[in-house]
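Only one structure is covered here, and it is reproduced in the block below.
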Amino acid sequence: MTSVPPLNVLIIGSGGREHALLHACQASPLVASIAVAPGNGGMATETTCHPLNVEDVPATVTLAQKLGTNFVIVGPEVPLALGVVDALEAAGIPAYGPRKDAAQLEASKTFTKDFLLRKKIPTAAGEKFTAAQPAIDYLQTRSFPIVIKASGLAAGKGVVIASSLAEAEQTVRDMLENRRFGSSSEEILIEDFMDGEEASIMLMVSGTDYLMLPPSQDHKRIGDNDTGPNTGGMGAYAPASVVTPAIEQRVIQEIVEPTLQGLAADGITYRGTLYIGIMVTRDGPKVVEFNVRFGDPECQILLPLLATDPVALMYACAQGKPLPKDIRFHSGSAAIVVLTAAGYPGEIRKNDRISLPATLPENSQILHSGTRRAEDGQLYTSGGRVIGAVARGPSLATALQRAYQLAEEIQFAGRHFRRDIGARQLQRDAQSPH
Ligand SMILES: Nc1ncnc2c1ncn2[C@@H]1O[C@H](COP(=O)(O)OP(=O)(O)O)[C@@H](O)[C@H]1O
Ligand SMILES: [Mg+2]
């Protein structure tokens, strides 16, 4: 690999994903110093956290300059959509994450649908609308359930699966006329419902060169057996064998390659993580959506599965250099169980005191999200998703056993976590002969 200067890294973000990135930086021989902005209670015990509004692009550049940063890793999507990477690059600071033009793949669902249909990449048929009446006329011609999406960023809340025309009509009016998601629902996308099982494919991309990380599955609903309201993600595991080697080949040939070639042909350079949400349907894998950054909580399990230094890969991507060919993964599986605060995903209670175990199970780690370290040095809950218990093991069963042991030992009032993370995969493992 080409020579890399000692890296003074700045990590942007405050969730479990960024805590995982921090651990990856701590383990990397390439990294000389690490700062985080704004960070959380867990990261604050391990490195310096700087206050930052991550939506303030000029402030981010100023902070990076002040710290002598020569590599920025951007966690969340909003700063990417606002062009933070363009601004950092203009200041001579390489950054991991796509530029503003490429970040549209997440920031505009209508941009992405146009792109996918134009490039003939498998996805649900759909149309975009800015006015309610044409949208309602279109609904009359479709079958149900149907999927209605605010086009812009809506923190994972902008998608409604409507089971009837009446519900769909109401949703359309809510989004377009009542501006339920503000400017994010000025434009909406209506697309056909895809039946199947979902999986996440994460790529680290350097132009048209890329590394595909093991397929993973997250668990969006608050309750066991996928019951209750949606959340930011209650847990995840990888690899997920719903993406069989044959499906994976189809994902590469029918989705990944045409996407990266298609972007390049459109004059868009992609650098950073590309997250492809897929639906494995009877007709094969189809794109549900793109995200332009690591998923949270998927990041927390994929980085530990990489035996090659993730920082080396991220830096190569940021420079637009080819990725090394000898990338290695740990065998076995990884899992994360997310612990949430009282009330989540509704109105949450904050400031419950957290107690952490003194020792951790083998190959496990605690990754913080909504935590705060108070003046007294104690940890308190400060967000809906509080902490993740992450573990790797030779089998998924072992990884889960370690992650659940750890989850039990992290205590705070109102704590909740799902008991069935990875259960589907365990069932699949039990059914398939080894
Ligand atoms: N066309 C579709 N068919 C079936 N389910 C869908 C479809 N589009 C979205 N979904 C479901 O809605 C969820 C959220 O949609 P997504 O496009 O990922 O938006 P976001 O993550 O921005 O909220 C998906 O994870 C999937 O479960
Ligand atoms: Mg999604």
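The values are calculated or read from the model by the stated rules, or taken from the named source; none is laboratory data. Fair warning: this is a prediction, and the values are worked out from it, not measured in the lab. All Cβ positions, glycine included, derive from the backbone under ideal geometry; neighbour counts span all protein chains shown.
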Number of positions in the stretch 150-170 that are in a strand (DSSP E or B), near ligand 1 (Cβ under 8 Å from one of its atoms) and within 23 Å of Val292 (Cβ to Cβ): 1
Members of the stretch 78-122 that are among the polar types (S, T, N, Q) and touching a helix residue (DSSP H, G or I) at 6+ places or on another chain (Cβ under 7 Å): Gln104, Thr112
Single match in Ala125, Ala135, Ala102 (criterion: small (Gly, Ala, Ser), closer than 23 Å to Leu21 by Cα and modelled with pLDDT of 95 or more): Ala102
Selected residue (only one of Ile161, Ile93 is more than 16 Å from ligand 2 (Cβ to nearest atom) and touching a residue at least 24 places away in the same chain (Cβ under 8 Å)): Ile93
Test for Ala154: is it within 16 Å of ligand 2 (Cβ to nearest atom), farther than 16 Å from Gly277 by Cα and not β-branched (Val, Ile, Thr): yes
Test: residue in the stretch 364-381 that is in contact (Cβ under 8 Å) with a residue 60 or more places away in the chain, within 26 Å of Pro229 (Cα to Cα), part of a loop (DSSP other than H, G, I, E, B) and polar (S, T, N, Q): yes
Residues within the stretch 171-200 that are among the hydroxyl-bearing types (Ser, Thr, Tyr) and either near ligand 1 (Cβ under 8 Å from one of its atoms) or assigned to a strand (DSSP E or B) (or both), tallied: 1
Yes/no for Leu203 being hydrophobic (A, V, I, L, M, F, W, C), touching a residue at least 40 places away in the same chain (Cβ under 8 Å), away from ligand 1 (no atom under 12 Å from the Cβ) and within 30 Å of Thr308 (Cβ to Cβ): yes
Residue within the stretch 306-319 that is within 16 Å of ligand 1 (Cβ to nearest atom), closer than 30 Å to Gly92 by Cβ, among the aromatic types (Phe, Trp, Tyr) and crowded, with 23+ Cβ neighbours inside 10 Å present: no
